[in-house]
Amino acid sequence: MSDDIILDVQNVTKQFPGITALSDVSIQFKRGEIHGLCGENGAGKSTLMKILAGVYPYGTYDGTVLYEGQELKLINSSIQQARAQGIAIVYQELTLVPDMTVGENVFLGKEKTENGVINWSKTYSETQKILNHYKLDVNPRDVVKHLGVGKMQMVEIAKALSESAKILILDEPTSALTEAEIDKLMEILRSLKEKGITCIYISHKLEEFFRITDSITVLRDGKTVTTQPTRDLSLEKLVKYMVGREMKERFPPRMRKPDGLLFEVQNLKAVDPEEPSKKILNGVSFDLRKGEILGIAGLMGSGRTELVTTIFGEYGRITDGKISLEGKEIKIGSAKEALQYGISLVPEDRKKQGLVLMQTILNNLSLPNLHNFSTTWRINKNQELKSCMQQVKNLSIKISNIENKVDSLSGGNQQKVVIGKWLMTVPKVLIMDDPTRGVDVGAKYEIYKLMNELAEKGVSIIMISSELEEVLGMSDRVMVMHEGQSNGTLDISEATQEKIMALATGIA
Ligand SMILES: Nc1ncnc2c1ncn2[C@@H]1O[C@H](COP(=O)(O)OP(=O)(O)OP(=O)(O)O)[C@@H](O)[C@H]1O
Ligand SMILES: [Mg+2]
């Protein structure tokens, strides 16, 4: 084995009941390279990374992993052990403790103690050092739950880097980040590379591979399809390796004709209900036609999620402005009332709001749709199963049994369940907060198709998205938010990435 191979994965196979997550996978990772790992939802990416990080310990998989020439033998789900050996992982799902400060989180499990007592000033000064070193703009004393998702992600990275890592694994680090934050992350990765750290990088935003990686491995159905230097690949080739066929278009054609005013928000102002001095919306106005898809763009913190959760009756206390549906003013006091008006929300954070992880896939899909399957007395089980299986098929959700628990699915497949269940309802207004986050290219297309079909049926859709391409590919109009206000609405015929960014940053 040559010296510059730091990690050599040889013929690794990993089984779960009823499913082979990895089948005879071999990949070589070079010292100091940024190695991209891509593949469809359920391809096995996270599973392989969990083996490297010791989550699935030695003996629970077949095959061999050589790390610096020696067989890697991590035992007892010992993530700590992997860390101590220099393999650090930032998981796909955030793992910070929300009620603790940034510093407490960074040193969780390896507290700075002196004579058995935690040295807080040292904890915070060390945290500050790490944050400074990687130019992360976060205060060590901030409580994590008050940070946005983007900053949380930065803290996760700081936490992983707080030990001298030789290999840093990032499992979809940018799925919740905005453009500016992604730029910053790329900068951090480049500086790590200069220090000789190897980075394994997973993402569904395929463009990123071409910005940052040196080589790319594609997995499909648990098998390695290819490993190639990034310069030999193109986006088209990569997609073809991933999905196994040519994919010409990223967005389905638009056939709908939005018509007639359906929903209107006028000068909406709101404050944080727990902290009424904190303004979250400073005057948002927009309207929505029947059968229209309205994209909402904006930077993180611009108030996009706050806007939709406030409309949905879940978050902000409205201090001014008005919401009307079909020409009548409505007051929405809770999510339940919103649903009664025919307004649904696909939430941003699937773990917190979208899924009941301990329930089966079937139950999760049918939960908001039970009335469709019930007669006066009982639920028509056959009908329920049939509709849900159809949805699994529509979105190609990768499952082995629909009665399995949702938390056995890969991240992207969980997201498809969240979306699938709301796409089965036929609301008047469907609000989707970053619907395709973590979803692979092929499945994104299927979701877009279902969105278009709903819009053609007359459902009006509000779609928040951080991906400008998606906003441009799917919307009829784009509203851009800036500092809690609507800073302008563009018709799709005049919208460009530059114009949206100008409005989002407040330049325009
Ligand atoms: N704990 C588990 N129990 C049962 N099956 C599992 C478990 N973890 C993963 N799987 C299955 O293994 C396969 C690979 O999942 P994995 O999470 O590695 O996919 P992934 O490539 O990371 O996908 P994504 O892009 O959606 O994150 C999937 O079919 C998944 O359902
Ligand atoms: Mg994954």
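The values are calculated or read from the model by the stated rules, or taken from the named source; none is laboratory data. Every value quoted in this text rests on a predicted model; they were computed, and no experiment measured them. Cβ coordinates were reconstructed from backbone atoms using ideal geometry, including for glycine residues, and neighbour counts include every protein chain displayed.
Residue by residue, here is whether (1) under 26 Å from the mean Cα position of the chain (by Cα); (2) free of Cβ contacts under 8 Å to residues at least 40 places away in the same chain; (3) outside any loop (DSSP other than H, G, I, E, B) holds:
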{"residue": "9", "(1), (2), (3)": "no, no, yes"}
{"residue": "24", "(1), (2), (3)": "no, no, yes"}
{"residue": "29", "(1), (2), (3)": "yes, no, yes"}
{"residue": "36", "(1), (2), (3)": "yes, no, yes"}
{"residue": "42", "(1), (2), (3)": "yes, no, no"}
{"residue": "46", "(1), (2), (3)": "yes, no, yes"}
{"residue": "51", "(1), (2), (3)": "yes, yes, yes"}
{"residue": "56", "(1), (2), (3)": "yes, no, no"}
Residue that is surrounded by the fewest Cβ atoms within 10 Å (Cβ to Cβ) [pool: residues in region 158-172 that are out of contact with any strand residue (DSSP E or B) (no Cβ under 6 Å at 6 or more places or on another chain) and modelled with pLDDT under 90]
164
Considering only helices (runs of 4 or more DSSP H) fully contained in region 69-165, which possess at least 3 residues that are closer than 30 Å to residue 9 by Cβ?
79-84, 149-161
Pairing a residue in region 162-188 that is away from ligand 1 (no atom under 16 Å from the Cβ) with any residue that is of a type in the set (Gly, Ala, Ser) and in a loop (DSSP other than H, G, I, E, B), where Cβ atoms lie under 6 Å and the two sit 6 or more apart in sequence or on different chains, gives 165/86; 166/86; 178/466
Condition set without any contact (Cβ under 8 Å) to a residue 60 or more places away in the chain and surrounded by 14 or more Cβ atoms within 10 Å (Cβ to Cβ), scope region 74-84, selection nearest to ligand 1 (Cβ to nearest atom): answer is 77
Of the residues that sit in region 470-507 and are surrounded by fewer than 21 Cβ atoms within 10 Å (Cβ to Cβ) and β-branched (Val, Ile, Thr), which one is farthest from residue 297 (Cα to Cα)?
507
Filtering region 230-251 for residues that are free of Cβ contacts under 8 Å to residues at least 60 places away in the same chain, of a type in the set (D, E, K, R), closer than 30 Å to residue 33 by Cα and in a loop (DSSP other than H, G, I, E, B) leaves a count of 2
Selection over region 213-232 where residues are in contact with a strand residue (DSSP E or B) (Cβ under 6 Å, 6 or more places away or on another chain) and buried (at least 20 other Cβ atoms within 10 Å of the Cβ) yields a count of 7
Out of (1) within 23 Å of the chain's Cα centre (by Cα); (2) part of a loop (DSSP other than H, G, I, E, B), the one residue 60 does not meet is (1)
Does residue 145 satisfy being closer than 20 Å to residue 305 by Cβ, more than 16 Å from ligand 1 (Cβ to nearest atom) and surrounded by fewer than 15 Cβ atoms within 10 Å (Cβ to Cβ)?
yes
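Let's see how each residue does on (1) closer than 26 Å to residue 242 by Cα; (2) outside the structural domain of residue 171 (by TED's automatic domain parsing); (3) within 16 Å of ligand 2 (Cβ to nearest atom):
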| site | (1), (2), (3) |
| --- | --- |
| 29 | yes, no, no |
| 39 | yes, no, yes |
| 44 | yes, no, yes |
| 49 | yes, no, yes |
| 67 | no, no, no |
| 71 | no, no, no |
| 74 | no, no, no |
| 80 | no, no, no |
| 86 | no, no, no |
Assess whether residue 205 counts as being among the charged types (D, E, K, R), surrounded by 16 or more Cβ atoms within 10 Å (Cβ to Cβ) and in contact with a strand residue (DSSP E or B) (Cβ under 9 Å, 6 or more places away or on another chain).
no
If you check residue 97 against the conditions, is it surrounded by fewer than 20 Cβ atoms within 10 Å (Cβ to Cβ) and either away from ligand 2 (no atom under 16 Å from the Cβ) or under 24 Å from the mean Cα position of the chain (by Cα) (or both)?
yes
What helices (runs of 4 or more DSSP H) lie completely within region 334-430 and have 2 or more residues being crowded, with 18+ Cβ neighbours inside 10 Å and of a type outside the set (A, V, I, L, M, F, W, C)?
361-366, 381-394, 411-424
Assuming residue 254 fulfils every condition listed in (1) closer than 24 Å to residue 341 by Cβ; (2) touching a residue at least 40 places away in the same chain (Cβ under 8 Å) apart from one, which condition is it?
(1)
Out of 490, 503, report the one residue that is closer than 17 Å to residue 284 by Cα and assigned to a strand (DSSP E or B).
490
Every residue in region 271-294 that is free of Cβ contacts under 8 Å to residues at least 12 places away in the same chain and assigned to a strand (DSSP E or B), please.
275, 277, 278
Mind checking which residues of region 410-449 are among the basic types (Lys, Arg), away from ligand 1 (no atom under 15 Å from the Cβ) and in contact (Cβ under 8 Å) with a residue 60 or more places away in the chain?
428, 449
Restricted to region 177-219, and to residues that are within 16 Å of ligand 2 (Cβ to nearest atom) and modelled with pLDDT under 95, which residue is nearest to residue 412 (Cα to Cα)?
204
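Let's see how each residue does on (1) closer than 28 Å to residue 407 by Cβ; (2) of a type outside the set (D, E, K, R):
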site	(1), (2)
9	yes, yes
24	yes, no
28	no, yes
41	yes, yes
61	yes, yes
64	no, yes
